[in-house]
Amino acid sequence: MSKIIPYFAVFAIGILCCWYFMRSCDKPDIGLIDTIKVLSAKNDSVAAVGQKIFYENDSLKIVKKRGDSIYEHRIDSQNHIIAVWQGRLKITKDSIGSLYTNLKTFYLNHDTVALGETYQRLSDQLHDANQQLFSVQIARDSADNIQNAEIIRLQGIISQLQAEISELKALLISCTANASELAKTWLKTAKKAKIAALISKIGVGLSGILTILLLSHN
């Protein structure tokens with residue numbers, strides 16, 4: 001009887017050891033679980049920010065397209081106005097050239113009446129030409145203002161796009177770092193699960209060996 005007691009003691013110790021290790025392995029690692037939850041929440045936050053940036057980019061595209069349409073309409077209208085005034089100015093210039101020619105003819109013919117009328121018409125045409133030239137300059141200035149405003153508008157859009165690109169770069173870095181940390185955490189979890197399974201198998205095997213040894217000595 002006294003010979004059997006040590007085997008029972010060894011067997012009991014083996015069972016207790018196996019139970020202790022298996023019990024500790026079965027418990028979930030709260031730290032890893034909390035880390036996974038935090039990283040998953042951060043990943044969801046990154047995805048939400050990325051979606052917001054894409055919505056902002058879509059809105060920016062709509063605004064740019066609308067602004068492009070308005071600019072094209074305004075600049076086309078202004079170019080039409082310039083073309084009209086330039087056409088009128090050309091007609092007036094041709095008329096002034098003809099009147100100068102007539103002045104020479106009437107002067108050589110000593111036709112004072114026609115000469116006086118031609119002088120008056122020439123004066124009127126020069127006044128019209130001056131007004132038309134002034135109108136052309138105003139129309140060109142308006143076109144320049146429209147183009148300058150368009151440049152400022154496009155610079156604003158470029159600045160917004162650059163800000164979105166910078167935000168996306170920062171988001172990509174954050175997403176990459178978060179994914180790396182999440183992968184490492186999952187790897188740690190998988191390793192702990194494998195170790196727990198291995199210890200469980202060792203415990204079962206150890207119990208079996210102790211049982212066989214005990215039975216064989218009996």
Tally the residues that are of a type in the set (Val, Ile, Thr), closer than 19 Å to Lys64 by Cα and without any contact (Cβ under 8 Å) to a residue 40 or more places away in the chain, restricting the search to the stretch 138-165.
4
With the condition kept exactly as written, say whether any residue in the stretch 50-64 is of a type in the set (D, E, K, R), under 30 Å from Ala177 (Cβ atoms) and either crowded, with 16+ Cβ neighbours inside 10 Å or modelled with pLDDT of 90 or more (or both).
no
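Kindly provide the set of residues from the stretch 46-76 that are polar (S, T, N, Q) and in contact with a helix residue (DSSP H, G or I) (Cβ under 9 Å, 6 or more places away or on another chain), ordered by number.
Listed by number, the list holds a single entry, Asn57.
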Residue count for the stretch 99-134, restricted to those that are surrounded by 13 or more Cβ atoms within 10 Å (Cβ to Cβ) and either touching a Gly at 6+ places or on another chain (Cβ under 6 Å) or outside any helix (DSSP H, G or I) (or both):
1
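Got at least one residue in the stretch 73-85 being touching a residue at least 40 places away in the same chain (Cβ under 8 Å), polar (S, T, N, Q), part of a helix (DSSP H, G or I) and farther than 26 Å from Ala149 by Cβ? I'd like the intermediate steps shown before the answer.
So in the stretch 73-85, the residues touching a residue at least 40 places away in the same chain (Cβ under 8 Å) come out as 74-75, 78-79, 81-82, 85.
If we keep only those that are polar (S, T, N, Q) as well, we get 78-79.
Adding the requirement that they be part of a helix (DSSP H, G or I) leaves 78-79.
If we keep only those that are farther than 26 Å from Ala149 by Cβ as well, we get none.
No, because not a single residue in the stretch 73-85 is touching a residue at least 40 places away in the same chain (Cβ under 8 Å), polar (S, T, N, Q), part of a helix (DSSP H, G or I) and farther than 26 Å from Ala149 by Cβ.
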Being surrounded by 14 or more Cβ atoms within 10 Å (Cβ to Cβ), among the β-branched types (Val, Ile, Thr), at pLDDT below 95 and within 30 Å of Glu117 (Cβ to Cβ) narrows Ile96, Ile75, Ile81 down to just Ile96
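The values are calculated or read from the model by the stated rules, or taken from the named source; none is laboratory data. Remember, predicted model here, so these are calculated numbers, not experimental data. With ideal geometry, Cβ positions are generated from the backbone for all residues, glycine too; neighbour counts draw on all protein chains shown.
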